[in-house]
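As structure tokens, the structure follows; a few thoughts come after it.
What follows is calculated from the coordinates using simple rules that are stated; it is not laboratory data. As the structure is a prediction and not an experimental result, all values here were calculated from the model. Glycine gets a Cβ as well: all are built from the backbone with ideal geometry, and neighbour counts include every protein chain shown.
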Amino acid sequence: MRVAAIIPAAGIGRRMQKNLPKQYLTLGDRPILAVTLAVFEQMPEITEITVVAQPAALDFCQKQVITPYGFKKVWRLVPGGKERQDSVYNALKVLQRQNDWDLFLVHDGVRPFITPQEVRRVLRAATKHGAAILACPVQDTVKQVNREKQIQKTLNRQDIWLAQTPQAFQAAILWRAFVEAYGREFYGTDEASLVEALGLPVVVEPGSPFNIKVTTPEDLLLAAAIYRERERIRSCQPPSA
């Protein structure tokens with residue numbers, strides 16, 4: 001099975017309030033994007049990786065992330081677009097020319113704590129059902145609020161899940177979803193929403209609360225704590241035989 005991983009990392013990161021885009025900020029001594037890519041690099045299920053970077057940062061990404069950390073599965077860097085959807089589409093257009101992919105997998109470049117086990121669950125579900133994402137059920141009570149910040153109703157939290165990545169799709173399904181979305185001038189909030197617009201089912205696989213998207217300064221503090229703890233646990237494990 002041939003699986004192409006697309007890693008969008010073209011965000012500017014205004015909410016992070018840093019001079020450097022969030023994907024290039026560090027956890028320990030490694031850029032967040034490098035931590036993310038390392039997960040997919042080690043997985044035999046992933047055939048190759050396409051990274052989407054800001055057009056002006058392609059050379060920076062290559063020199064600061066791809067080359068120093070020796071990512072051999074990152075075969076190409078693709079310039080990002082105005083919106084996330086445009087960025088992923090830019091990668092898909094390049095990959096689609098090969099026309100021999102079984103699955104496309106999309107994962108945020110700033111979700112560095114995804115695990116191989118979680119990725120494999122999504123891949124298996126997409127192979128079986130056509131489309132699958134990671135998501136977490138909400139734990140808090142959820143209120144629907146109007147623009148005046150008045151509560152309209154309390155939603156049933158058993159029916160509400162918080163979408164994460166990776167999101168995986170049979171290649172023909174995702175390509176069709178993007179083509180038809182642009183044909184209708186429709187922009188979704190994630191890849192799954194484009195497939196949903198086709199009327200096709202998308203299966204949810206349980207994710208992890210540790211699979212955070214590093215977007216704000218508070219996220220960065222939490223990510224640093226998770227990274228330190230994982231490195232501590234890793235350093236305590238005996239070497240494999």
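Sorting ARG30, ARG97, ARG228 by the number of Cβ atoms found within 10 Å of their own Cβ, with the fewest placed first, yields ARG97, ARG228, ARG30. Sequentially through the stretch 210-215, phi angles give Karplus couplings (6.51, -1.76, 1.60; θ = phi - 60°) of 7, 7, 7, 9, 7, 10 Hz, Gly and Pro residues having no value and appearing as x. Measuring r between the beta carbons of GLN42 and TRP161 and using R0 = 25 Å, the FRET efficiency lands at 0.35. The residues SER193, SER235, SER208, SER87, when put in order of fewest to most other Cβ atoms within 10 Å, stand as SER235, SER208, SER193, SER87.
Residues whose amide H comes within less than 5 Å of that of ALA135, counting only those at least five positions distant or on another chain, are GLN164, GLU205, GLY207 (H built at 1.01 Å from N in the peptide plane).
With a ≥ b ≥ c taken as the square roots of the eigenvalues of the C-alpha gyration tensor of the stretch 123-241, please select rounded if a/c is under 1.5 and otherwise prolate if a/b is larger than b/c or oblate if it is not? Taking the square roots of the gyration eigenvalues as a ≥ b ≥ c, the stretch 123-241 is oblate. This ranking places TYR187, TYR227 by how few other beta-carbon atoms lie within 10 Å of each, fewest first, which gives TYR187, TYR227.
Here's how it looks for LEU27: its modeled amide H is under 5 Å from those of ILE32, which are all 5 or more places away or on a different chain. Measuring nothing but how far apart in sequence close Cα pairs (under 8 Å, 6+ apart) lie, relative to its length, the chain scores a relative contact order of 22 percent.
Report summary: the helix-based calculation at 222 nm, which adds -39500 (n - 2.57) for every DSSP H run with n ≥ 4 and divides by the residues of the chain, gives -10500 deg cm²/dmol.
Taking THR36, THR189, THR154 as the candidate residues, the one with maximal mean-square fluctuation in a Gaussian network model of the chain, Cα springs under 10 Å, is THR154.
Taking 20 °C and 1.002 mPa s as the conditions, I'd like the Stokes-Einstein D for the stretch 57-156 in µm²/s, using the Kirkwood hydrodynamic radius from alpha carbon pairs.
Values: Rh = 17.4 Å.
Answer from the Stokes-Einstein relation: 123 µm²/s.
Projected onto planes of every orientation and averaged, the convex hull of the alpha-carbon atoms in the chain covers 15.2 nm². Where the alpha-carbon atoms of the stretch 1-104 are placed on the principal axes, they occupy 41, 29, 21 Å, in descending order.
Multiply the residue separation of VAL203 and LYS72 by 0.36 nm, subtract the distance between their alpha-carbon atoms, and state the gained length in nm to one decimal. Write out the running numbers ahead of the final one.
Working: separation 131, 0.36 × 131 = 47.16 nm, distance 3.10 nm.
Value of the extension gain: 44.1 nm.
For a straight C-alpha distance cut-off of 20 angstrom, the aspartates and glutamates reachable from LYS73 (same-chain residues fewer than eight places away being disregarded) are GLU41, GLU45, GLU48, ASP59, ASP100, ASP102, ASP108, GLU118.
GLN144 to GLU231: FRET efficiency via 1/(1 + (r/R0)^6), r the Cβ-Cβ distance, R0 45 Å, to the nearest 0.05? Plugging the Cβ-Cβ distance into 1/(1 + (r/R0)^6) gives 0.65. The amide H of THR50, built 1.01 Å from its N in the peptide plane, has ALA5, ILE6, ILE7 as neighbours under 5 Å, considering only residues 5 or more places off or on other chains. The spacing between the stretch 46-98 and the stretch 111-138, judged by their C-alpha centroids, is 21 Å. With θ taken as phi - 60° and the Karplus curve 6.51 cos²θ - 1.76 cosθ + 1.60 applied, the whole-hertz 3J(HN,Hα) list for the stretch 142-154 is 10, 10, 8, 10, 8, 5, 8, 6, 9, 5, 9, 6, 9 Hz, x standing for glycine and proline.
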